[in-house]
Amino acid sequence: MEQIRSLFGGLNTLLTERFGEFGPLLVVGILGLFLILLTLPVLLRKQEDPLDKLREQSRRGPKTVAPGQKQALRTSGGRGDKLEKYSNFLEPTDEEEYSAIRLKLLQAGYRSKNAVRTFHFMQFVLGIGFLVLGMLYAVMKSATGDPTTQQLIMMTLGPGAVGYMLPKYWVTRRQQERGEEITNGFPDALDLMLVCVEAGQSLDQAIVRVSKEVRSGYPALAEEFEMVAHEMKAGKDKTSVLRDMSERAGVPDVSSFVTVLIQSAQFGTSIAEALRVYASEMRDKRVMRAEEAANKLPTKMTLATMMLTVPPLLIILIGPSIYEIAQTLGNASFF
């Protein structure tokens, strides 16, 4: 027992001398983190129920696959298949929370069925990775200097929090950029759609043509129109297709446009007339947005102008006077 105590005492003394006062605590934290990383795959492993496996095999039935196709089937799995067994951990159990995250990813342009799972996986990996980097940096600072407890905590937990929030920030930025792109390109798309409808094409054909024409300038808007065209060709109800488009876009202009089309179809009014009126309103709204942005520029430039102009002007005007006063006071004190 005395030998064990002396061994731990010597180890504690060595860590304290090498890494500072919090050296033993940092080493224990690193060991605990590695133990957690080692046990997570075992805890999160989803065991497959044999009964479910038998039901799946009976449902599929016997299949004869050519020898050349077996390798393709084996290598067809992707990242989503590898994360399938961790779905209970990586996906929210609450339906409302899952729907909110799924909608946000759709509005950011991530349409994969494994998007929610991949998003949480990236949060987990980046959070743990940056936390490990922060702990290593804290150990290095403890060895080279004498940081305080608050500094060690910030150096350890700060990078972990940044890594955890980084995917969320990326998705939010992508959502905003995609919404701005759809908003900027929607008036032009409505003008093209109006021309197609007045030329004698149906609404479905006009949507297909518009999706091809605006792809070079506004790819996000073209993807939305292309998806609407595919869903209509598949036989899905037009009203639900348009409403799904407004939810995926997340733009008020698109929601208003969908409402106009649904009301026009319900009341039996002319779609061309509704498009003409709404396209005119969208053009006026775009001009108003441009004027609003132009009117904001003087206000935004005022602060920069004051910071860059007033200090040099004060130095030029008051500097010589201050210098002469200082010289006068210095000579007076000398005498």
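Any idea what log10 I(q)/I(0) is at q = 0.15, 0.16, 0.24, 0.26 Å⁻¹ for the stretch 258-335, Debye with uniform C-alpha scatterers and no solvent?
Reported log10 I(q)/I(0), two decimals: -0.77, -0.80, -1.03, -1.09.
Classify the stretch 90-130 as rounded, prolate or oblate from the Cα gyration tensor: take a ≥ b ≥ c as the square roots of its eigenvalues, call it rounded if a/c is under 1.5, otherwise prolate when a/b beats b/c and oblate if not.
oblate
Please compute the per residue accessible area over the stretch 129-192 with all protein chains in place, 1.4 Å probe, rounded to a whole number of Å².
58
For the stretch 185-335, what % of the accessible area comes from carbon and sulfur atoms, probe 1.4 Å?
Numbers: 6000 of 9530 Å².
Roughly 63 percent of what the probe reaches on the stretch 185-335 is carbon or sulfur.
Just need the relative contact order of the stretch 174-240 here, percent rounded to a whole number, with Cα pairs under 8 Å and 6+ apart.
Computed over the stretch 174-240, the figure is 30 percent.
Excluding ligands, DNA and RNA, what is the solvent-accessible area per residue of the stretch 213-258 at a probe of 1.4 Å, expressed in Å²?
Values: 2120 Å² over 46 residues.
Each residue of the stretch 213-258 exposes 46 Å² on average to a 1.4 Å probe.
Given a 1.4 angstrom probe, I'd like the percentage of the accessible area of the stretch 122-176 that is carbon and sulfur, rounded to a whole number.
Whole-percent figure for carbon plus sulfur exposure: 72.
For a protection proxy built on the mean count of beta-carbon atoms within 10 angstrom, sort 183-195, 312-324 highest first, please.
183-195, 312-324
The values are calculated or read from the model by the stated rules, or taken from the named source; none is laboratory data. Note that the structure is predicted; figures quoted are calculated from it, not measured. All Cβ positions, even for glycine, are placed from backbone atoms using ideal geometry, and neighbour counts span all protein chains on display. Each accessible area value is taken on the protein alone, full model and side chains, heavy atoms only, with ligands, DNA and RNA left out. Shrake-Rupley method; radii C 1.70, N 1.55, O 1.52, S 1.80 Å.
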